[in-house]
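Inspection log for the structure reproduced underneath, given as structure tokens.
The values are calculated or read from the model by the stated rules, or taken from the named source; none is laboratory data. Computed from a predicted model, the values in this text were never measured in an experiment. Glycine gets a Cβ as well: all are built from the backbone with ideal geometry, and neighbour counts include every protein chain shown. Ligands, DNA and RNA are excluded from the accessible area calculation, which covers all protein heavy atoms including side chains. Shrake-Rupley method; radii C 1.70, N 1.55, O 1.52, S 1.80 Å.
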Amino acid sequence: MRRSAVVAASALIAAAALIGLPGPASSTAPSPVADLPAAAFMQVPNSTGASALGPTAQSDGALRAAGFLGTDTALVERGSAPSWPTAKPAISQPTVSAGRDWKPPRYSLTGIATFYDNGTTAMRLPRGTIVRICGAGGCVLRTVNDYGPQSPGRLIDLYRPDFFAVCGCASWSGTTTVTVSIY
């Protein structure tokens, strides 16, 4: 035999579930969508004879805000000119003399550089060492992030775009002489 409270609770839960269900479980059918009457879109005249919804609608003075802008309102900002300078000030830069723009390296090596397409700069130095590689085409500053090269005659392996930026040679070239400054 079941308790009456358990039976009553389960009956209330079932009734609440049926009431909350949409569609076929509910007791009412959906109402059809009614068309709006055409009079809902007509302009309504006000006491002044102008249309309340038209572009020429005017409200009386009692309904206007204090800062009402009409068609004949002039916009004027009152006040004086600013007291700070309005032009860009002239700045005098110190003259720069020709000299070194790189700090002196710990040491420099000269040797043969090659390229390979791993996207790394490989040299027999610890990873994270900053090196400047200079050749006939220019210089690049890179961080060593791979160990190599394995050939005894090569000094450094460069990523292909870096190699041709340093080399300044034709695309068929495979090696070039470089100076590597270690920082």
Quiz prompt | Among (1) among the hydroxyl-bearing types (Ser, Thr, Tyr); (2) part of a loop (DSSP other than H, G, I, E, B); (3) modelled with pLDDT of 65 or more, the one test that SER27 misses | solution = (3)
Quiz prompt | Within the range 77-111, considering residues that are open to solvent by less than 100 Å² (accessible area, probe 1.4 Å) and of a type in the set (A, V, I, L, M, F, W, C), the one nearest to VAL166 (Cα to Cα) | solution = LEU109
Quiz item: Out of all the residues in the range 99-134, which are among the hydrophobic types (A, V, I, L, M, F, W, C) and part of a loop (DSSP other than H, G, I, E, B)?
Solution: TRP102, LEU125
Practice problem: Kindly indicate the residue of the range 151-174 that is assigned to a loop (DSSP other than H, G, I, E, B) and surrounded by 13 or more Cβ atoms within 10 Å (Cβ to Cβ) and also modelled with the lowest pLDDT among those meeting that condition. | Solution: SER173
Self-check item: In the range 112-132, residue modelled with the lowest pLDDT [restricted to those that are surrounded by fewer than 15 Cβ atoms within 10 Å (Cβ to Cβ) and of a type outside the set (D, E, K, R)]
Solution: ASN118
Self-check item: Some residue of the range 135-150 being small (Gly, Ala, Ser), in a loop (DSSP other than H, G, I, E, B) and touching an Asp or Glu at 6+ places or on another chain (Cβ under 6 Å)
Solution: yes
